[in-house]
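Some notes on the structure that comes next.
The values are calculated or read from the model by the stated rules, or taken from the named source; none is laboratory data. The model shown is predicted, which means the values in this text are computed figures rather than measured ones. Cβ placement follows ideal geometry from the backbone for every residue including glycine, while neighbour counts extend to all protein chains displayed. Calculation scope for accessible area: heavy atoms of the full protein, side chains included, ligands and nucleic acids excluded. Shrake-Rupley method; radii C 1.70, N 1.55, O 1.52, S 1.80 Å.
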Amino acid sequence: MSDDKILMFSGESLAMQEAAKQARNTFKYFWRELSWEYRRIIPGLGLAAVKVAFPTKADGDGPEVEHMWVNDIQFDGEIISGILLNSPQWCDNIAAGDNVSVSLAEIGDWMYTIGGKVYGGFSIDVMRQEMPDSEREEHDQAWGLDFGKPGEVFIVPAQTQEKQGFLSGLFGKKELAAVAHTGDLPEHPMSENMVEKMDEGLRDDPSFTRSVDENGWTLLQKDALAGNLAPVTLLVKHGADLGAVNPRGETALDLARKMGWPRIVAFLEQKLH
């Protein structure tokens, strides 16, 4: 993903600026996780939110921006929208529960939890590293979450076993999951687990491959944006239109390139040539 529009604010430490940069560069994994959460019948995430820097109108008596969390996230490749979780102290033009929309460049963090374990939370990690042990313990207890060791930020849950399956046959051995600061994380486990059921459903009714939602998006475009390789391959197998464009004129390949999903890019480029 492009990092050309990183936003910085006076008073931010270099560590916080770097944390925000890392959050933006890895946001695609947060959105991939949400793309599967929205397909689950039983929710798997305890919390999923992004931190946004909202400009204030303080005249020297307050901060330049107020950092607050937003949940119920939607993302179209450009704009992140959701519901404000916090009650502002300095921003008088928004309130908790309001709908908000910001660009990807305006987020400073993301975080989701599974079984009480935190993934993401780059800015929180910076703060935790600066805390004495007792203060850090009190902080974690107040949240009621497992943030892990200071200085270690997880992006995806670790996979402890190798699995041979649909994607393994296409792309070789399935690699293990990793912590933050790596650009080659494995496919989401649900991407393989649903292959048989999805293949059967599309075979029975291939019209789904060309359906368009109320926002003008095809399933192929949405899965390419989210980095879901197995659904992309199955949708193409059952007749999805690789040339279809969303309201911004973007194809599935355009979206995969924008978000930086190299395996999807390689697959779609091969199918187009």
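Only protein heavy atoms count here; on that basis, with a 1.4 Å probe, Val156 has an accessible area of about 10 Å².
By how many nm would the segment from Val245 to Lys197 grow when fully extended, if each residue of separation counts as 0.36 nm and the alpha-carbon distance is taken off?
Taking Val245 through Lys197 to full extension adds about 14.6 nm, to one decimal.
For segment 22-169, just say rounded, prolate or oblate: build the C-alpha gyration tensor, square-root its eigenvalues into a ≥ b ≥ c, call rounded for a/c under 1.5, and beyond that prolate if a/b exceeds b/c, oblate if not. The shape class here is oblate. Of the listed pairs Lys197/Lys258; Lys51/Lys197; Lys51/Lys117; Lys117/Lys222, which have alpha-carbon separations greater than 24 Å here? The answer is Lys197/Lys258; Lys51/Lys197; Lys117/Lys222. Going 7 Å from the Cα of His273 in the Cα-to-Cβ direction, what parts of segment 232-264 have a backbone nitrogen less than 18 Å from that spot? Answer for segment 232-264: 242-243, 252-258, 261-264. Across Arg136, Arg40, the residue with the most accessible area heads the list, and the full order at a 1.4 Å probe is Arg40, Arg136.
Per atom type, segment 59-140 shows carbon and sulfur on 43% of its accessible surface, probed at 1.4 Å.
Shape of segment 76-130 from its Cα gyration tensor (a ≥ b ≥ c, root eigenvalues): rounded if a/c is under 1.5, otherwise prolate when a/b > b/c, or oblate? Since a/c reaches 1.5 and a/b is larger than b/c, the shape of segment 76-130 is classed as prolate.
Charge dipole (Cα centre; +1 on Lys/Arg Cβ, -1 on Asp/Glu Cβ; no other charges) of segment 197-238 amounts to roughly 140 debye. One chain, two ends: Val102 and Gln17. Fully extended at 0.36 nm per residue, the span grows by 28.8 nm beyond their Cα-Cα distance.
For Phe54, the residues whose amide H sits under 5 Å from its own are Glu66, His67, Met68, ignoring neighbours fewer than 5 places away on the same chain, with H placed 1.01 Å from N. Between Glu64 and Glu138, full extension at 0.36 nm per residue minus the direct alpha carbon distance yields a gain of 23.8 nm. In segment 97-133, which residues have a backbone nitrogen under 16 Å from the label point lying 7 Å from Asp72's Cα in the Cα-to-Cβ direction? Under cut-off, by backbone N: 97-102.
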